[in-house]
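Here's the structure, in structure tokens; my notes come after.
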Amino acid sequence: MSEAILEVNEVTKTFGGLVAVNAVTMHIEKRRIFAVIGPNGAGKTTFFNLVTGIYKPDRGSIVFDGVDITGRDPAVIAGMGMARTFQNIRLFGSMSALENVMVARHVHTRTSYADALLHTPRYHREERKARDRAMELLAYMQLDHRAQELAKNLPYGEQRRLEIARALALEPKLLLLDEPAAGMNPQETEDLQRRIVGIRDDLGITIVLIEHDMKLVMSISERIAVLDYGKKILEGTPEEVQNDPRVIEAYLGPGAAEGVQ
Ligand SMILES: Nc1ncnc2c1ncn2[C@@H]1O[C@H](COP(=O)(O)OP(=O)(O)O)[C@@H](O)[C@H]1O
Ligand SMILES: [Mg+2]
């Protein structure tokens, strides 16, 4: 069995009376494309918020690449090599595409505050390096022609790709994508699909994907976990998940599976 990069054990998160994530366990192996699916409100985004440290779990533990990160701060977890994109795009709208990627990159430059203030040779060197790498990442996401445009002026699909470029600038081991194909047309979705596989194959990054586009999910995921009302109701291969009546019922309601078989 290959090593897990993420081990989520019996994690629970409650908001008031609502159990958004209910004793969920997920073990995700390195270099996988792993999908988390489920109807709206199932707890998928909350699951990401728990893993990335935005929320602290009420119960359970989270181990990232062998280190217990339960309750740690998001910045610490990000620094350990976990990056994400958001269901509701979060870019700096009034900054250029290039600047959006460079902001993330600053985590990896060694310039001190004094270097930056005094514009030392080290500052210029690091800045150039960061800029070159950011341009590479923009090109990788097919956005190099947009480098100087303000993020807010990019079409929706390109904003989603820009968020991925920015996440990659953190040089993550694990990349969490929250509905990356939302708002994309079929052509853009197909390009994105190839790009996600490329990120795993070229860069060796493990990917966890929340997505409603079932064609995308079924084409590229090796394993799929299904959440419903905060609980993991099933985990398996695309074939296993596709043919499971519990999944059809989760999406379409009780009894729906009978008519579908
Ligand atoms: N910060 C919060 N405060 C209160 N309720 C929340 C909060 N975040 C999520 N929820 C609730 O938790 C449930 C799961 O939400 P979410 O994780 O966003 O679902 P999904 O991403 O699967 O659509 C929903 O009922 C949602 O309203
Ligand atoms: Mg969500």
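The combined condition, being modelled with pLDDT of 95 or more and either assigned to a helix (DSSP H, G or I) or acidic (Asp, Glu) (or both), is fulfilled by Leu137. Among the residues of segment 14-45, just one is free of Cβ contacts under 8 Å to residues at least 60 places away in the same chain and under 16 Å from Gly71 (Cα atoms), namely Thr14. Restricting the first member to segment 72-100 and to residues that are closer than 26 Å to Asp58 by Cβ, and the second to residues that are within 16 Å of ligand 2 (Cβ to nearest atom) and of a type in the set (Lys, Arg), the beta-carbon pairs closer than 8 Å and six or more apart or on different chains are Thr85/Arg160.
Here Leu91 clears all of (1) surrounded by 14 or more Cβ atoms within 10 Å (Cβ to Cβ); (2) among the aliphatic types (A, V, I, L, M); (3) not in a loop (DSSP other than H, G, I, E, B) except the condition numbered (3). When Lys44 is tested against (1) closer than 24 Å to Ser219 by Cβ; (2) away from ligand 2 (no atom under 13 Å from the Cβ), only condition (2) is not met. Checking the structure you have, find out if any residue of segment 152-161 is under 20 Å from Ile33 (Cα atoms) and assigned by TED's automatic domain parsing to the domain that holds Ala130. Within segment 152-161, one or more residues are under 20 Å from Ile33 (Cα atoms) and assigned by TED's automatic domain parsing to the domain that holds Ala130.
Let's see how each residue does on (1) surrounded by 17 or more Cβ atoms within 10 Å (Cβ to Cβ); (2) in contact (Cβ under 8 Å) with a residue 24 or more places away in the chain; (3) within 16 Å of the chain's Cα centre (by Cα); (4) on the phi > 0 side of the Ramachandran plot:
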site: Leu150; (1), (2), (3), (4): no, yes, no, no
site: Leu176; (1), (2), (3), (4): yes, yes, yes, no
site: Ala182; (1), (2), (3), (4): yes, yes, yes, no
site: Glu190; (1), (2), (3), (4): no, no, no, no
site: Ile196; (1), (2), (3), (4): yes, yes, yes, no
site: His212; (1), (2), (3), (4): no, yes, yes, no
site: Ser221; (1), (2), (3), (4): yes, yes, yes, no
site: Leu227; (1), (2), (3), (4): yes, yes, no, no
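Each row is one residue, and each column tells you yes or no for (1) assigned to a strand (DSSP E or B); (2) closer than 18 Å to Arg90 by Cβ; (3) within 16 Å of ligand 1 (Cβ to nearest atom).
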residue	(1), (2), (3)
Gly157	no, yes, no
Leu162	no, yes, no
Ala165	no, yes, no
Leu175	yes, yes, no
Ala181	no, yes, yes
Glu190	no, no, no
Arg195	no, no, no
Gly198	no, no, no
Leu216	no, no, no
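Being closer than 17 Å to Glu211 by Cα and hydroxyl-bearing (Ser, Thr, Tyr) is a property that holds for Thr45.
The values are calculated or read from the model by the stated rules, or taken from the named source; none is laboratory data. Given the structure is predicted, the values throughout are model-derived calculations rather than measurements. With ideal geometry, Cβ positions are generated from the backbone for all residues, glycine too; neighbour counts draw on all protein chains shown.
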